[in-house]
Amino acid sequence: MNKILLLFVAGFFCCFLLKAQPGRWQQRVKYTMNIDVDANTNRFIGKQKLEYTNNSPDVLKKVFYHLYYNAFQPNSSMDVRSRELGKNLVNGKPDWDSRVTDRIGKLKDDEIGFQKIVSLKMNGVAQPFTYDETILEVSLTQPIASKAHVVFEMEFEAQIPLQIRRTGRDNPVTGVRYSMSQWYPKMCEYDLEGWHPTPYVAREFYGVWGDFDVTIAIDRTYKLGGTGVLVNAKEIGWGYDEPGSALKPTEKAKRSWHFVGSNIHDFVWAADPDYIHLVRKMPNGGPVFHVIYNQKINDPNNDTAWNTVADAAVLVLPFIESKFGKYAYPQYSFIQGGDGGMEYPMATLLVGPGLGTVFHELMHSWYQMMLGTNESMNAWMDEGLAEFSSAQVQAFYRDKFTRVKNSSNIAYMKALDSVAALLPLDHSGSYRSYYFLAKTDFQEPLTTHADHFETNIGYSISSYSKGAIFMAQLGYLVGGDMRDKILLEYFNQWHFKHPNSSDLVKIAEDMSGIKLDWYKEYWCNTTKTIDYGIDSLWEEGGVSKVRLIRKGKMPMPIDFRLTFKDGSTEMHYIPLNLMYGSKPTENAAETREVHAPWRWTHPTYILEFKRRLADLKRAEIDPSKRMADTDQRSNLLQLNW
């Protein structure tokens, strides 16, 4: 390890300790792994040294490991669950993950995945263990005391499955030989709620912060990308020592690639003999971007597209850091592999160079890799916030090049769908998907465990789209500028600390001065929907009045704009009584009147305004359309008198 890397690791770990949240302990791991890959048999053997620090106040009598590869066997939980979900029909089509379907059940013996533990010791003493498919349960011969530090030593062997979900070999779509995610025995997380030995059925993850030192020996023709910094870059070459350099020759049959990553909770790598490696450095210092893609793709635009990925990353990073927080690691790699887009620390696997997916996966570095929520239990905090923030990044990128700010997208949507006029300019795709879901029986609370959603479509739209709307709609509740400050402060306070939804809401409340526990309760814990309308208008005693009605089960504050015949406008704001406050004026150029709060128990509210009713031309609830009102037909009243 070179001196610069040692300084980075030491400084970073000290920073981590200084920022530790009072009373919020977390476990700590340090992996040292040596992997020997046989590219002919698609198997590898591994030696793992795992230093484990029990920072909890509890005595641990057991530990658990994830053995993800065991999911890729006929009749596994992943196999059966996929086939069962495929029995659900959505618009007449099976609701299963098209990448999985029933493929696992058809795998042959040399195509399945497996991980087998040859030996396991703690502090030199052999430990008894049992397999439960993708979970290894270890009943310790000696409990791990609170604040104790122990060393596990493991020898294991594995077979790399055919590419089906995220990980595997010989992907027929990309041509990539090895996508190595969820590939090693990984210690499960233990936190305030206890152990999280979540079986690998389909979806999200949760990991322990720590340091990784991984050496991979593989046939010398292979080229690798992965998590961490390549320590032996001078020995390897191939752009790691300096951009554009060739892979250095070796007389050995196998070449060893040595990666190190600090303060991360997972490790991914990929390998292929035909990979191409692009390198981009930030103009004023910062992380190095690596783009590694497959040369076998028969597309004349392939090189251009992947170069665009590299250039786009450099362009958007300053914007991302200004809005969402400082990137903490020395490098980031976009690697062609996997089966779509899948995020890991300091790297992502991408099936292709589409910038929408590129930005979404990059934002996972903030909303999972540096925050580390339990995304199995709160998938929306990972997927939803990544979806929200990546939409902001896409808008910035589009504007940087086109100065059109979504106009082409809006025109396309109007031609495609008459409801486009009911969508906000930003995050329109998320709102569109949520409105579809809200009218079906597929919606489940956002607090549903990621693997326990009864439909794939319900999980996807809930976690991604409804999760993104949580943040977009928060801007409606507290103001867009305040929402942005909340997001930045959330990252600054909680990165590397495994926050939960209450931590996010507490920061929002403290910064805005508005109570928001009701918002989390309704939006995350229930499937109740928002639906407001304009009921009637009249004059009484020289006072103009409008009755608003709440038809949905979820209460909200109301922005209500009046437009008069002379072209002037007034914004009328009705806080919700549960807020115990109100958002500031968002448009200083527009007159705004704050009214008495609308009590959540009352289905109607009468608002008074001073202008003559005959002067009114238009009345509209939430002209910004950030409030996710599922039936907006009664939100707008156009008067033609």
Q) Give me the pairs: first residue in the range 293-307 and part of a loop (DSSP other than H, G, I, E, B), second residue surrounded by 15 or more Cβ atoms within 10 Å (Cβ to Cβ), beta-carbon distance under 6 Å, and six or more apart or on different chains, which are they? A) Q295/D274; Q295/I276; K296/G175; K296/D274
Q: For the range 533-542, indicate whether the set of residues that are buried (at least 20 other Cβ atoms within 10 Å of the Cβ) and either modelled with pLDDT of 95 or more or not assigned by TED's automatic domain parsing to the domain that holds I621 (or both) is non-empty.
A: no
Q: Determine if the range 520-536 includes at least one residue that is in a strand (DSSP E or B), touching a residue at least 24 places away in the same chain (Cβ under 8 Å) and of a type in the set (A, V, I, L, M, F, W, C).
A: yes
Q | the range 551-571, residues that are under 30 Å from N525 (Cα atoms) and either surrounded by fewer than 20 Cβ atoms within 10 Å (Cβ to Cβ) or not charged (D, E, K, R) (or both) | A | K551, G552, K553, M554, P555, M556, P557, I558, F560
Q.
Only one of S139, S119, S146, S98 is outside any strand (DSSP E or B) and modelled with pLDDT of 95 or more. Can you tell me which?
A. S146
Q. Got a sec? Which of G458, G513 is in contact (Cβ under 8 Å) with a residue 12 or more places away in the chain and on the phi > 0 side of the Ramachandran plot?
A. G513
Q | Residue selected from the range 123-152 under the condition among the acidic types (D, E) and in contact with a Ser or Thr (Cβ under 8 Å, 6 or more places away or on another chain), by the criterion farthest from Q27 (Cα to Cα) | A | E133
Q: Please tell me if L576 is modelled with pLDDT of 95 or more and within 28 Å of F436 (Cα to Cα).
A: yes
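To keep it simple, each residue is scored yes or no on (1) free of Cβ contacts under 8 Å to residues at least 60 places away in the same chain; (2) more than 28 Å from R43 (Cβ to Cβ); (3) touching a Cys at 6+ places or on another chain (Cβ under 8 Å).
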site	(1), (2), (3)
R81	no, no, no
D95	no, yes, no
Q115	no, no, no
N123	yes, yes, no
Q. From the residues in the range 125-136 that are touching a residue at least 40 places away in the same chain (Cβ under 8 Å) and either aliphatic (A, V, I, L, M) or not in a loop (DSSP other than H, G, I, E, B) (or both), which one is nearest to L50 (Cα to Cα)?
A. L136
Q: Evaluate the range 71-79: report whether one residue or more is closer than 18 Å to Y184 by Cα and touching a strand residue (DSSP E or B) at 6+ places or on another chain (Cβ under 8 Å).
A: yes
Q. Are there any strands (runs of 3 or more DSSP E) wholly within the range 591-634 with 3 or more residues that are touching a residue at least 60 places away in the same chain (Cβ under 8 Å) and hydrophobic (A, V, I, L, M, F, W, C), and if so which?
A. 604-609, 616-621
Q) For L362, are the conditions met, namely being within 22 Å of G239 (Cβ to Cβ), touching a residue at least 40 places away in the same chain (Cβ under 8 Å) and either under 14 Å from the mean Cα position of the chain (by Cα) or in a helix (DSSP H, G or I) (or both)? A) yes
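Quick check on this structure: which one of D191, D170 is in contact with a His (Cβ under 8 Å, 6 or more places away or on another chain), at pLDDT 95 or above and more than 23 Å from K47 (Cα to Cα)?
Selected residue: D191, the only one of D191, D170 that is in contact with a His (Cβ under 8 Å, 6 or more places away or on another chain), at pLDDT 95 or above and more than 23 Å from K47 (Cα to Cα).
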**Q.** Restricting the range 365-403 to residues that are within 25 Å of P287 (Cα to Cα) and of a type in the set (K, R), the residue that is surrounded by the fewest Cβ atoms within 10 Å (Cβ to Cβ)
**A.** K400
Q: Only residues that are touching an Asp or Glu at 6+ places or on another chain (Cβ under 7 Å) and under 14 Å from I534 (Cα atoms): list them for the range 624-633, please.
A: D629, D631
(Q) So, in the range 592-641, how many residues would count as being exposed (fewer than 15 other Cβ atoms within 10 Å of the Cβ) and in contact with a Ser or Thr (Cβ under 8 Å, 6 or more places away or on another chain)? (A) 5
Q.
I'd like the residue in the range 67-82 that is among the hydrophobic types (A, V, I, L, M, F, W, C) and part of a loop (DSSP other than H, G, I, E, B) and, out of all such residues, is nearest to Q115 (Cα to Cα).
A. L67
Q: Filter the range 365-380 down to residues that are in contact with a Pro (Cβ under 8 Å, 6 or more places away or on another chain) and assigned to a helix (DSSP H, G or I), then give me how many there are.
A: 2
Q: Taking only the range 149-180 into account, find how many residues are in contact (Cβ under 8 Å) with a residue 40 or more places away in the chain and either in contact with a helix residue (DSSP H, G or I) (Cβ under 6 Å, 6 or more places away or on another chain) or part of a loop (DSSP other than H, G, I, E, B) (or both).
A: 14
Q: Test E608 against the criterion of being among the charged types (D, E, K, R), more than 14 Å from Y476 (Cβ to Cβ) and outside the structural domain of Y476 (by TED's automatic domain parsing), and give yes or no.
A: yes
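The values are calculated or read from the model by the stated rules, or taken from the named source; none is laboratory data. This structure is a prediction, so every number in the text was calculated from the model and none was measured. Ideal geometry is used to build each Cβ from the backbone, glycine not excepted, and the neighbour counts take in all protein chains shown.
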